[in-house]
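The block underneath contains the structure these notes are about, expressed in structure tokens.
Each value in this text was obtained by applying a stated rule to the coordinates, not by laboratory testing. Note that the structure is a prediction, hence the values are computed from the model and not measured.
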Amino acid sequence: MFDKSKGAKPLYLQLAEIMESEILSDIYKPGDMLPKELDYIEKYNLSRITVRQAINELVLKGYVKRIRGKGTIILPPKIEEPLIRIKSFTDEMKDRGITPSTKSAKIVITKSFGEISKYLLQNDGDEAYKLTRIRTANNLPIVLFETYIKKNINMDLDNTIYYGSLYEYLDKNKGIKIKKVNQRISASIADSRLSQLLNIRVGEPILILKRQSFDTNNNVIEYTISYYIADRYEYYIEIENKEN
């Protein structure tokens, strides 16, 4: 099974390919635990170092994650999304054959300050709606949305309305179409609040996406701060050289 001839791939890479193939063929599904290191050592007569290196390869590729005291868990495939396209989370998921849902939604009237006021183009102390939602993909929490909406939009205060697409709600109920967005993305780690809300460990990597949205008249409509679980989501940018 393993090629040990001179010039062959290192054993840990050969083992990593076997493990990857088993994951991709659904022998192990998202949420399953990978067999223990000892199982691979005994099954393939390999050293512990070789097995650990193979598992590390899977970690680097985003197939698995080590959990202290439990073992190595199979992760769902990462969701890729281009940064240059305007789409709701609901549409993003449906395009990939993933079932989107909302774990919780709450809307309140609050006052804006600092960053929120800046991107809503209003004064500190002015009122705004704050919509907090936890969205899931195939029933796994993936992102916390904290959306601040201009008060003149006159949003409904019924939480149940916001379990679907916000953009669809704005279009159908308020006649507002999102035409343009400004986005910024950064990396951070989960604090105790995000740990509890997204069911991840404190210190796990997250992606923070900040989006300022405009309607067809170039009016600011909303400003959203999104906290994505980094090992389940990634953004990419496609750049074309116009000179060639």
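Across the range 111-120, rounded Karplus estimates of 3J(HN,Hα) from the backbone phi angles (6.51 cos²θ - 1.76 cosθ + 1.60, θ = phi - 60°) give 10, 9, 9, x, 4, 5, 4, 4, 8, 8 Hz, Gly and Pro being marked x. The mean sequence distance of close C-alpha pairs (under 8 Å, at least 6 residues apart), as a share of the length of the chain, puts its relative contact order at 16 percent. Estimated from helices alone, the mean residue ellipticity of the chain at 222 nm is -8000 deg cm²/dmol (sum of -39500 (n - 2.57) over DSSP H runs with n ≥ 4, per residue).
The H on the amide N of Thr72, modeled in the peptide plane, is under 5 Å from the matching H of Leu34, Ile67, each at least 5 residues off or on a different chain. Where both bridge residues fall in the range 79-236, DSSP classifies roughly 90% of the beta bridges as antiparallel. Backbone geometry of the range 141-154 corresponds, through the Karplus equation with coefficients 6.51, -1.76 and 1.60 at θ = phi - 60°, to 3J(HN,Hα) couplings of x, 10, 7, 10, 9, 10, 10, 10, 10, 4, 5, 6, 6, 6 Hz, x marking Gly and Pro.
Residues in the range 130-137 carry Karplus couplings, in order, of 10, 10, 10, 9, 10, 9, 10, 10 Hz; the curve used is 6.51 cos²θ - 1.76 cosθ + 1.60 with θ = phi - 60°, and Gly or Pro positions show x. Classify the range 99-187 as rounded, prolate or oblate from the Cα gyration tensor: take a ≥ b ≥ c as the square roots of its eigenvalues, call it rounded if a/c is under 1.5, otherwise prolate when a/b beats b/c and oblate if not. Prolate, because a/c is 1.5 or more and a/b exceeds b/c. For the set Lys111/Lys150; Lys29/Lys70; Lys65/Lys106, the pairs lying more than 22 angstrom apart at their alpha carbons are Lys65/Lys106.
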